[in-house]
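Single-structure report; data block below.
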């Protein structure tokens with residue numbers, strides 16, 4: 001008959017009926033009369049690591065930022081909250097810049113065509129490179145704070 005290593009009651013199966021602990025692994029006796037070691041059940045962490053969750057905050061812009069601010073295990077983590085807020089602020093800033101540039105190019109009709117063909121895609125390429133850099137650095141565990149947006153995100157996290 002086996003006995004529970006946690007509470008000492010008799011066990012008939014793999015789990016203790018009294019405390020719910022898992023039975024110790026069967027280990028052959030060690031020569032010399034030493035008692036066999038007991039192994040406790042180890043808790044397996046659920047979910048993603050901080051760096052993966054932080055990188056995913058940037059994946060679909062403010063949408064994934066909001067999702068990670070709502071999800072229960074991640075909304076208590078300061079690192080994930082920082083990256084979620086920074087992702088939201090970055091994408092809102094990019095949207096506001098897009099509107100401002102469109103208005104500026106609309107007002108400058110004759111110059112707007114030249115700048116719209118060359119400067120507009122260049123600005124979006126810079127935003128795309130910044131987005132990739134932020135995802136990559138968050139995945140590596142770095143905390144890159146953007147000039148204005150980073151301070152706001154730090155205060156919110």
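The values are calculated or read from the model by the stated rules, or taken from the named source; none is laboratory data. Everything numeric here is computed off the predicted structure, so don't read it as measured data.
When residue 72 is tested against (1) outside any helix (DSSP H, G or I); (2) within 10 Å of the chain's Cα centre (by Cα), just one condition goes unmet, and that condition is (2).
With the checklist (1) part of a loop (DSSP other than H, G, I, E, B); (2) modelled with pLDDT under 85 in hand, flag the one item residue 60 doesn't pass. Unmet for residue 60, out of (1) part of a loop (DSSP other than H, G, I, E, B); (2) modelled with pLDDT under 85: (2).
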